[in-house]
Amino acid sequence: MPRSVKNPLASNEANVTGTVSVLVAAKDCGVPAAVAASSVYGDTPPDSER
């Protein structure tokens, strides 16, 4: 079972806090923009392999 399912609050906290930390550090360093990306976790194969 994925960690995010076993403990959704801790997983959410790590993701939200981590994202905010990266954005604050980028702002402090004068980075003008951030690009969002997503990741897929687990054993689900990509569409091309289904």
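The values are calculated or read from the model by the stated rules, or taken from the named source; none is laboratory data. All of these numbers come straight from a predicted model, not from anything done at the bench. Cβ atoms come from the backbone with ideal geometry, glycine included; neighbour counts cover every protein chain shown. With ligands, DNA and RNA removed, areas are computed over all heavy atoms of the protein, side chains included. Shrake-Rupley method; radii C 1.70, N 1.55, O 1.52, S 1.80 Å.
Of note:
- The set of residues in the range 1-29 that are in a helix (DSSP H, G or I) and either open to solvent by less than 70 Å² (accessible area, probe 1.4 Å) or touching a residue at least 40 places away in the same chain (Cβ under 8 Å) (or both) comprises Ser4, Ala10, Ser11, Ala14, Thr17, Gly18, Ser21, Ala25, Ala26.
- Residue match in the range 30-49 (condition: at pLDDT 90 or above, out of contact with any strand residue (DSSP E or B) (no Cβ under 6 Å at 6 or more places or on another chain) and assigned to a helix (DSSP H, G or I)): no
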